[in-house]
Amino acid sequence: MYRAPRGTSDILPQEQAYWRYVEHRAVRLCELYGYQRIDTPAFEDLGLFSRSIGEGTDIVEKEMYTFEDKGGNQLTLRAEGTAPVCRAYLEHGMHNLPQPVKLYYVAPIFRYERPQAGRYREHYQFGCEALGDSAPALDAEVIDLAWQFFISLGLRRLTLKLNSIGCRQCRPEYLATLKSYYSGHIQKLCRDCKTRLKRNPLRLLDCKQPQCQAVADSAPKSSDYLCPDCEEHFSRLRGYLERLGLPFEVSHRLVRGLDYYTRTVFEIQPESEGAQSTLGGGGRYDDLISELGGRPTPAIGFATGMERIILNLKKQGVTVPALPRPRVFVAYVGDEARDEAVKLAARLRRVGISVIGAVGDKSLKAQLRQANNLAASYAVIIGDEEIKTGKVVLRDMATSEQETITVTQLLERLRSALG
RNA sequence: GUGGGUGUAGCCUAGUGGUUAAGGCGCCAGGUUGUGGCCCUGGAGAUCGAGGGUUCGAAUCCCUCCACUCACCCCA
């Protein structure tokens, strides 16, 4: 028997209400904030991801689904959402549009990782990107959108963490300071941190090992090393967020895993520990578009994992609206009546009444049992007698009351009953 | 990639060396030759994760593999 590949899963009908709920909120909110939807291909050139995410990162080193197609092209399944949007921005000359260009997406992301709660090899991310403006007000808008998104979904007890990790000008000095600080404490570090010191020093700061936390707590802070421009940007952003009433907390130990971030980074976290500790996050990437071959174009974005959101909705007991289902079941008795039932079901659908029609050869009893199991509110029954008189039976499944009426009357009844 | 836990019908569970692997939920059908839910009766559905080994005999013990799951790394 075939099974869904490791780390993938079927989104079954009973799960779809959550998905519809979350995606619908995302779409509504993006429209409210003036973001337009973009859908990019499921795969891109390998280089787009390896160059943007960073050659030294785990995603590029071991987590990408890369393959060669029959034309010899090195292609990679979408490993994250931002780079493809930037590629599309460049490819379609969006710098000629009024800036910033504001785009959003809901799309599957593919990473070859060991699956665990809230982490999958194929998962969906909702993300938005605002390209072409460096104003801190834009940062504030993106963060506000992200925060409102989670709040409007009904999630509670979230924290919004904020930091600035500087730019091309000021970061090198900070990194050097950080490295030399950590070099003095190297014997206290965990094994992972010893390699981080060489490969990705920023990540030293968010190690969860107790012995490393102590070192990280008194480590130099990136916000103390910002150049005047970054300092002003960060301070104005905090001002906006305060004015918007967003409950952010500056965390000097917040860094992000992808190389392209500059200045603003932020994360939204639920209470829970472990793999799903980040519900969503984002930041500025002012150098990414020029690195991809475009003119210098500042930008900021945000992304969140749909599965993690749904996990947290369930954990917090948020109820989501049920998806609409047919409330009318059309049953029949006899071959001739079956043909009439097929016609009647179609006729009801033509006027917008959602129905399930019995098919095959089942007893009326079985048909009604099915109607009951499908939670139909009404059953319409057609039999030989009804065909003779041109009428049908309308049965109210809740009260068991039924009446024999014409099809015209049936339409009226159902229309008023179903609203 | 590292470490732990778990694998018995669609789902939940019993069975820890001995006849045809048991029960519940769900599904199907009958009890009403045109009427659902409750009840009663019956039925279908399991190569006991896979392969190998020990044994007269394995769901049960041993080995290997696989899958699921949780955590780490990393990330949404």
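The values are calculated or read from the model by the stated rules, or taken from the named source; none is laboratory data. As the structure is a prediction and not an experimental result, all values here were calculated from the model. Ideal geometry is used to build each Cβ from the backbone, glycine not excepted, and the neighbour counts take in all protein chains shown. We work out accessible area using only protein heavy atoms, side chains counted, and drop any ligands, DNA or RNA first. Shrake-Rupley method; radii C 1.70, N 1.55, O 1.52, S 1.80 Å.
Here are some notes:
- In terms of accessible area, using a 1.4 Å probe and ignoring ligands and nucleic acids, A:His24, A:His123 rank largest first as A:His24, A:His123.
- Angle between chain A longest axis and helix A:306-315 axis [Cα atoms, degrees, rounded to 10]: 70
- Phi to ³J(HN,Hα) by Karplus 6.51 cos²θ - 1.76 cosθ + 1.60 over segment A:28-39, Hz, x for Gly, Pro: 4, 5, 5, 5, 5, 9, x, 9, 10, 6, 9, 10
- Cα centroid of segment A:345-394 to Cα centroid of segment A:206-242, whole Å: 66
- Taking the longest Cα principal axis of chain A as reference, the axis of helix A:364-373 is set at about 30 degrees.
- Stretch gain in nm, segment A:Glu63-A:Lys179, where the contour uses 0.36 nm per residue and the Cα spacing is subtracted: 39.1 nm
- Given their separation in residues at 0.36 nm each and the Cα-Cα distance between them, A:Arg295 and A:Lys314 gain 2.4 nm when the chain is fully extended.
- Computed over chain A: relative contact order in percent, which uses C-alpha pairs under 8 Å that are six or more apart: 15
- In the full protein context, segment A:328-414 carries 56 Å² of accessible surface per residue, based on a 1.4 Å probe and ignoring ligands, DNA and RNA.
- Shape call, segment A:328-414: gyration tensor on alpha carbons, a/c limit 1.5: rounded
- Rolling a 1.4 Å probe over the protein heavy atoms leaves A:Lys194 with an accessible area of roughly 80 Å².
- Overall form of chain A per C-alpha gyration tensor (a/c, 1.5; a/b vs b/c): prolate
- Ranked by how many other beta carbons lie within 10 Å on average, peptides A:113-120, A:230-237, A:243-250, A:284-291 from highest: A:284-291, A:230-237, A:113-120, A:243-250
- Residues whose amide H comes within less than 5 Å of that of A:Gly280, counting only those at least five positions distant or on another chain, are A:Ile268 (H built at 1.01 Å from N in the peptide plane).
- Subtracting the Cα-Cα distance of A:Glu55 and A:Lys208 from their residue separation scaled by 0.36 nm leaves 52.7 nm.
- Per-pair calculated FRET efficiency, R0 = 45 Å: A:Gln169 and A:Ala17 via Cβ, rounded to 0.05: 0.40
- Put a dot 7 Å past the Cα of A:Ser277, heading toward its Cβ, do the same for A:Glu385, and the two dots end up 7.1 nm apart.
- Sites A:Arg369 and A:Glu336 - FRET efficiency at Förster radius 30 Å, r taken between beta-carbons, to 0.05: 0.85
- Approximating the spin labels as points 7 Å out from Cα along Cα→Cβ, the A:Gln74-to-A:Tyr2 distance works out to 3.0 nm.
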